[in-house]
Structure formats: structure tokens, C-alpha cells
1. Test of understanding: among Ser48, Ser58, which residue is without any contact (Cβ under 8 Å) to a residue 12 or more places away in the chain, more than 17 Å from the chain's Cα centre (by Cα) and more than 21 Å from Gly29 (Cβ to Cβ)?
2. From the set of residues in segment 113-126 that are among the charged types (D, E, K, R) and either outside the structural domain of Pro158 (by TED's automatic domain parsing) or at pLDDT 95 or above (or both), which is nearest to Pro179 (Cα to Cα)?
3. I need every pair where a residue in segment 142-155 that is in the same structural domain as Leu131 (by TED's automatic domain parsing) and aromatic (Phe, Trp, Tyr) has its Cβ under 6 Å from the Cβ of a residue that is surrounded by 13 or more Cβ atoms within 10 Å (Cβ to Cβ) and in a loop (DSSP other than H, G, I, E, B), sequence separation at least 6 or different chains.
4. Looking only at strands (runs of 3 or more DSSP E) that fall completely inside segment 120-187, which ones have 2 or more residues that are under 25 Å from Gly22 (Cα atoms) and touching a helix residue (DSSP H, G or I) at 6+ places or on another chain (Cβ under 7 Å)?
5. Could you check Gly59 against (1) on the phi > 0 side of the Ramachandran plot; (2) touching a His at 6+ places or on another chain (Cβ under 7 Å) and say which number it fails?
6. Of the numbered conditions (1) over 19 Å from Ile169 (Cβ atoms); (2) touching a Gly at 6+ places or on another chain (Cβ under 6 Å), Leu121 satisfies every one except a single condition; which is it?
7. When the residues of segment 132-163 are narrowed to those that are among the β-branched types (Val, Ile, Thr) and surrounded by 19 or more Cβ atoms within 10 Å (Cβ to Cβ), which ends up farthest from Phe39 (Cα to Cα)?
8. Being loosely packed, with under 12 Cβ neighbours inside 10 Å and outside the structural domain of Val176 (by TED's automatic domain parsing) narrows it down to one of Glu110, Glu129, so name that one.
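The values are calculated or read from the model by the stated rules, or taken from the named source; none is laboratory data. Being a predicted model, the structure only gives us computed values, none of them experimental. Methodologically, a virtual Cβ is constructed for each residue, glycine included, from the backbone with ideal geometry; neighbour enumeration extends over all protein chains shown.
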Amino acid sequence: MPDRSVAETPATVDLDGWVAFGKIVRAHGIRGELRIHVFPNQPDFWDSVTEIAVQARSGSTQLCRLESLRQAQPDQWLVRLTGFESREQSQALSGATVYIPEDILPQLEEGEYYTFQLLGLRVESEEGETLGMVVDFESMPANDILIVQTTDTRFPLPVVREVILNVDIAGGRIVVSLPEGLLELEA
């Protein structure tokens, strides 16, 4: 594993060119480690990540250097950031979104997408009716789901071939075949 110990204080960063990679769940232990939940469909390439951008719930964003990391669960990592030496310092980052530089992402095969690419896409029926917009996602035991916001509610959209017919990133839309009763469910 590369040496990640760089003594720098966190710097502010513009998120242009960065992609959401996970969320800080909570502080871990008493020495400033953080538990990060990695979003679904994200590759395992932590060895190439030396710094992350952390956006607090308040909207403020800072660039942080990784000192150490280790996998805690398949979708959770324990990380230590330069400048965060205590549980109290790290606890202040709970709920923050973690970003990584987009240019380090590996190329995907045709028909594969990173989760962040689906956020903000318009969801349309086969007939072309706009159903809503993808605003969130969740990883479930059976399959991932996209959370679609309509004008007055949200509904879960299973990420399965029978439902997702076409993903057009450039066109900003996902074409779906909705199972009967799906729109009545609320996420």
C-alpha cells in the first residue's frame, strides 16, 4: 500500500471533476478513524486514491489526505485522514459525502454505469411520459434501487433488466417498464 502520511491541514475544494463515492457513517474508535459506506456499484480501487473531498451536510467541502485505510465490510472502509486525530474531530464529519477524482475511475463495459451517473436522470415510461427524476439510490439484498422523485412523492425503482429498458446518459434519461402498482409504493 502506498505511503499516505502527508502532514497537511484540510483545504477547501471545488467539486468540479469529483464524483460522490460514499458517505461517512460515523467516527470509529478514539483515534480519529472514520467509517465510510461506499455507494453501490463502486469499484474497489482504494490503492489509487490518496486524497478525498469531504462535503459536510452544511455544504462546506474540504480536501483531505488519506493516512491509512482498511476494509471493515464489503461496502464499508475505515479510513484515517491527516489532521483528524480524535473521535471528536472525526465525529463532526458524520453524514458527510465523500468524493473522489473522476479521472481515476476505470472505464466500464458497454451497458455498465457508475451510480453517480444515474443521479439527476429523467425517468420515462416506454410511451415517453416523464415519471420523475432519480434523486437517490439504495443497495438492497436482492438488487439496488433508484429513488425517483415525482412532483409530490418518491417511489423505488428496482435496478433489474425487466424494469430498466434503456439508460441514455448523454440524453439524460432512463426508459423503464413499470410493474403494476409500483407508482403506489413510496420510498
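1. Matching residue, one of Ser48, Ser58: Ser58.
2. The selected residue is Glu124.
3. Going by the 6 Å Cβ cut-off, the qualifying pairs are Phe155/Ala187.
4. In segment 120-187, 130-139 are the strands (runs of 3 or more DSSP E) which contain 2 or more residues that are under 25 Å from Gly22 (Cα atoms) and touching a helix residue (DSSP H, G or I) at 6+ places or on another chain (Cβ under 7 Å).
5. (2)
6. Of (1) over 19 Å from Ile169 (Cβ atoms); (2) touching a Gly at 6+ places or on another chain (Cβ under 6 Å), only one is false for Leu121: (1).
7. Val148
8. Being loosely packed, with under 12 Cβ neighbours inside 10 Å and outside the structural domain of Val176 (by TED's automatic domain parsing) holds for just one of Glu110, Glu129, which is Glu110.
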